[in-house]
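K.L.:
Got a structure for you, written out below as structure tokens; questions coming shortly.
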Amino acid sequence: MHARLRLLLLLGPFVWPRLARAIESAPAGGNDLARRPGRGRGPAPDDAAARGTAAGVRSGGPAAAVPSGVIRADVPYDVVSADVPSDVISTDVPSDATLLAMVMHRLAAVPQSRARFTEEKTLAALRMPLQSSGRLAYRRPDRLEKITEWPQTEVLVVRGGKLFLTENGATRTVVLAAEPAIGALVEAILGTLAGDLPGLRRWYHVAATGTQAAWRLTLRPRTTALAKFIREAVIDGVGARLTRLRMVEANGDTSVMTITPA
């Protein structure tokens, strides 16, 4: 399997097969999967916007300048490629603003965490779901590890605005600022773990329902660009711990990760 497609299929809830196919069709650059924004898609966003990832906001960096053609919304963050149509996706998901603030506050207070996961991906192209299991580790402000132990060993690490995948002794790298779509998908889980509501709102409408003891966050894309890949992310949790992550791709393919304490 082509290395770029293989990498993206392994990201589990971070990306989806449809996004993998889109990047698979783009020119490859050796083992380094990073590419300049906008290559083959018209004008690229300016460098300030490319640097203005949610990780940058989380670490205290300045808010990104908004390039021309960006989709405006009702929050001060929204950075997408310059060739996105000028329309905004609305959401009608009910939300408890007080609960959302409390959940984000509790998550933001967690310095690090470890957990076990089992994952099941249901793809229209396959008769049977793909299953995997392994370990997760998070450390503030922006380090996340997904170590798949079964059916084969793979190590995926997000840190410092980059994504690293190690398998069969080789490591491949994605620079998230150069791949804003992948960065937005990674942010769905990393921003939630960090309790970073402004970071999440750069890309998603965020709604909270339930109670502090058993809550649910629903993330839906703010822009048509991101909506080409994801329909919604639903994150369940108890207290300051995530218990389940369900991602639904635009074409209906799903990925469900069940998370338990290590």
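The values are calculated or read from the model by the stated rules, or taken from the named source; none is laboratory data. What you see is a predicted model, and the numbers here were worked out from it, not measured in a lab. Don't worry about glycine lacking a Cβ; one is built from the backbone with ideal geometry, like all the others, and counts go over all protein chains shown.
K.L.:
Let me confirm something: among Thr218, Thr211, Thr192, which residue is over 20 Å from Val110 (Cα atoms) and not aliphatic (A, V, I, L, M)?
P.N.:
On the way: Thr211 fails: over 20 Å from Val110 (Cα atoms); Thr192 fails: over 20 Å from Val110 (Cα atoms).
Of Thr218, Thr211, Thr192, the one residue that is over 20 Å from Val110 (Cα atoms) and not aliphatic (A, V, I, L, M) is Thr218.
K.L.:
Among the candidates Lys121, Lys162, single out the residue that is charged (D, E, K, R), closer than 21 Å to Gly252 by Cα and out of contact with any His (no Cβ under 6 Å at 6 or more places or on another chain).
P.N.:
Lys121
K.L.:
How many residues are β-branched (Val, Ile, Thr), surrounded by 20 or more Cβ atoms within 10 Å (Cβ to Cβ) and either over 18 Å from Arg201 (Cβ atoms) or in contact with a Cys (Cβ under 7 Å, 6 or more places away or on another chain) (or both) when one looks only at the range 211-262?
P.N.:
Total meeting the criteria: 1.
K.L.:
Just one of (1) touching a residue at least 40 places away in the same chain (Cβ under 8 Å); (2) touching a Ser or Thr at 6+ places or on another chain (Cβ under 7 Å); (3) surrounded by fewer than 17 Cβ atoms within 10 Å (Cβ to Cβ) trips up Ala170, so point out which.
P.N.:
Condition (2) is where Ala170 drops out.
K.L.:
Output the residue which, of all residues in the range 80-121 that are aliphatic (A, V, I, L, M) and at pLDDT below 65, is surrounded by the most Cβ atoms within 10 Å (Cβ to Cβ). Walk me through it before giving the result.
P.N.:
As a first pass, look at the range 80-121 and keep what is aliphatic (A, V, I, L, M): 80, 82, 84, 88-89, 93, 97, 99-104, 107-110, 115.
With at pLDDT below 65 added as a condition, the list becomes 80, 82, 84, 88.
Numbers: Val80: 24, Ala82: 17, Val84: 18, Val88: 14.
Going through the qualifying residues, I end up with Val80.
K.L.:
Under the condition of being of a type in the set (A, V, I, L, M) and within 19 Å of Ser95 (Cβ to Cβ), which residue from the range 204-225 is modelled with the lowest pLDDT? It would help to see each step written out before you state the result.
P.N.:
Step one: of the range 204-225, the residues of a type in the set (A, V, I, L, M) are 206-208, 213-214, 217, 219, 225.
From what's left, within 19 Å of Ser95 (Cβ to Cβ): 206-208, 213-214, 217, 219.
Values: Val206: 96, Ala207: 97, Ala208: 97, Ala213: 93, Ala214: 97, Leu217: 98, Leu219: 97.
The residue in question is Ala213.
K.L.:
If you go through the range 188-214 one residue at a time, how many are assigned to a helix (DSSP H, G or I), touching an Asp or Glu at 6+ places or on another chain (Cβ under 8 Å) and not small (Gly, Ala, Ser)?
P.N.:
Going residue by residue through the range 188-214, those that are assigned to a helix (DSSP H, G or I) are 188-194, 197-201.
Going one step further and asking which of them are touching an Asp or Glu at 6+ places or on another chain (Cβ under 8 Å), we end up with 190, 194, 199-200.
Those left that are additionally not small (Gly, Ala, Ser): 190, 200.
Residues meeting the conditions: 2.
K.L.:
For the range 158-179, name all the residues that are closer than 28 Å to Ala240 by Cα and part of a helix (DSSP H, G or I). Break it down stepwise before answering.
P.N.:
Filtering the range 158-179 for residues closer than 28 Å to Ala240 by Cα gives 158-165, 176.
Within the range 158-179, just Leu176 meets the criteria.
K.L.:
May I pose another question? Would you point out the residue of the range 129-160, among those that are surrounded by fewer than 19 Cβ atoms within 10 Å (Cβ to Cβ) and hydroxyl-bearing (Ser, Thr, Tyr), that is nearest to Leu193 (Cα to Cα)?
P.N.:
Ser133
K.L.:
Go through the range 91-149 and give me each residue that's without any contact (Cβ under 8 Å) to a residue 12 or more places away in the chain and more than 25 Å from Thr209 (Cα to Cα).
P.N.:
The answer is Leu126, Arg127, Met128, Pro129, Leu130.
K.L.:
Leu176 - would you say it is among the aliphatic types (A, V, I, L, M) and out of contact with any helix residue (DSSP H, G or I) (no Cβ under 7 Å at 6 or more places or on another chain)? Break it down into steps so the answer makes sense when it comes.
P.N.:
Details: among the aliphatic types (A, V, I, L, M): yes; out of contact with any helix residue (DSSP H, G or I) (no Cβ under 7 Å at 6 or more places or on another chain): no.
Judged against the criteria, Leu176 is not a match.
K.L.:
Turning to a different aspect of this structure: Within the range 129-150, can one find any residue that is assigned to a loop (DSSP other than H, G, I, E, B) and of a type in the set (Asp, Glu)?
P.N.:
The answer is yes; a qualifying residue exists.
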